[in-house]
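Okay, so here's the structure we're looking at.
The values are calculated or read from the model by the stated rules, or taken from the named source; none is laboratory data. Everything numeric in this text was worked out from a predicted model, so none of it was measured. Every residue, glycine as well, gets a Cβ built from its backbone with ideal geometry; the counts of neighbours run over all protein chains shown.
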Amino acid sequence: MSAKIHLHKTLQSLTNGREIVEAAGNTVGDCLSHLVRQFPPLEEKLFDKKRKLLNTIEIYLNLQSAYPDELARPVKDGDDIHITLMLAGG
Amino acid sequence: MLTTDERVRYDRQIMIPEIGEAGQEKLKKAKVLVAGAGGLGSPICIYLAAAGVGTIRLVDRDTVDLSNLNRQVLHGQGDIHRPKVDSARERLTGLNEAVTIETVQETISEESLEGLVESCDLIIDALDNMPTRYLLNKAALAHRIPFFHGAVSGFEGRVMTVLPGRTACLRCLYRGPVPAEKFPVIGVTPGLIGLIQTTEVIKYLLGIGSLLTNKMLRYDGLSLTFTEFKVEKNPSCDHCGRRTGVGEKNER
């Protein structure tokens, strides 16, 4: 399976400016792992040391919140995964 | 009943078929809590007052700082070091003296919210941190009144409307605490996000249109795009979920 991962703009400096990256996997977690293999500096922007997603990260699968258990969500060919950041300012 | 002056003042919006005189009277009777008189609170309060929303209860603990003025358009240079709620009251009363402005200069806490929310029809989030936002979310659920969330950073913002007991709440997306950081922002972003929140509030008060419920609307000013993400009620949400939720408890 292959999904299109849409990266938040603060992450695009780590993907050579690419906003969308194709990643393979059967679950969201697999796809994020493949994304990180392509762009290793993303690892610490997405995961903590126990490889739990950081609290500031939000994942949407086909424009629907994937929370909770984001990483276990099954992915179909052509799915869209958005990685966004929680915003706290006002 | 609207006064003659009010019919003149609100003429252009009374002309909108979805509003009319009956709608204007609904706005006049409304009482809303605005939490924060900063970047979001400024456009929210100004346009609520301009629209004739009858009572605005505004709470903010801070004083005006020079570094606020790139975005907090309620305040001016002459207001530096003054309580934000004082300059806000002057500005809003100057705009529309028929609107009642209730101001409270205090820190929002779980305890203080009991009094702040009292007799309000809804809560508008114009805050700059997540922990206090969750207090507002919880209070809205407990009092079963709507909660209008907005947040910004840089050129980006987001909006979500919560109808307690019926739609996903802000806490349904909670993943754990996030570090409190000084956030970058240019005034146009809270200007736009605050006015989307205010549009939601006005529609809710009038009972018209559709709301951003079960949705997180994301705005990116750099690409000038809006993305609508769907959000569902999280059954294990510690605010509105089946077991521990505040809203559910109230329903029993």
Practice task
Please indicate, with yes or no, whether at least one residue in region A:68-86 is without any contact (Cβ under 8 Å) to a residue 40 or more places away in the chain and either more than 9 Å from every other protein chain (Cβ to nearest Cβ) or more than 24 Å from B:N129 (Cβ to Cβ) (or both).
Solution key: yes
Fill in the blank from the handout: Over region B:43-73, the set of residues aliphatic (A, V, I, L, M) and out of contact with any strand residue (DSSP E or B) (no Cβ under 9 Å at 6 or more places or on another chain) is B:I46, B:A50, B:A51, B:V73
Handout entry: Selection status of B:P43, in contact with a Gly (Cβ under 7 Å, 6 or more places away or on another chain) and modelled with pLDDT of 95 or more
Key = yes
Fill in the blank from the handout: Log entry, pairs with first residue in region B:148-159 being over 20 Å from B:L33 (Cα atoms), second being assigned to a strand (DSSP E or B) and at pLDDT 95 or above, beta carbons closer than 6 Å, six or more apart or on different chains, reads B:S153/A:G89; B:E156/B:D220; B:G157/B:Y219
Problem - region B:68-79 - residue that is surrounded by 15 or more Cβ atoms within 10 Å (Cβ to Cβ) and either out of contact with any Cys (no Cβ under 8 Å at 6 or more places or on another chain) or modelled with pLDDT under 95 (or both) and, of those, farthest from B:G154 (Cα to Cα) - result: B:D79
Completion exercise
B:T167 meets each of (1) within 14 Å of chain A (Cβ to nearest Cβ); (2) in a helix (DSSP H, G or I); (3) of a type in the set (S, T, N, Q) with one exception, condition (2)
Completion exercise
Considering region B:172-204, residues that are within 13 Å of chain A (Cβ to nearest Cβ) and free of Cβ contacts under 8 Å to residues at least 12 places away in the same chain, and then whichever is surrounded by the most Cβ atoms within 10 Å (Cβ to Cβ), we arrive at B:R175
Practice task
Evaluate region B:6-29: report whether one residue or more is on the phi > 0 side of the Ramachandran plot, surrounded by 17 or more Cβ atoms within 10 Å (Cβ to Cβ), at pLDDT 95 or above and not in a helix (DSSP H, G or I).
Solution key: no
Handout entry: Boolean, B:D60 is under 14 Å from the mean Cα position of the chain (by Cα) and at pLDDT 95 or above
Key = yes
Practice task
Those residues that are over 21 Å from B:E118 (Cα atoms) and crowded, with 24+ Cβ neighbours inside 10 Å, I need them from region B:141-155; list them, please.
Solution key: B:G150, B:A151, B:V152
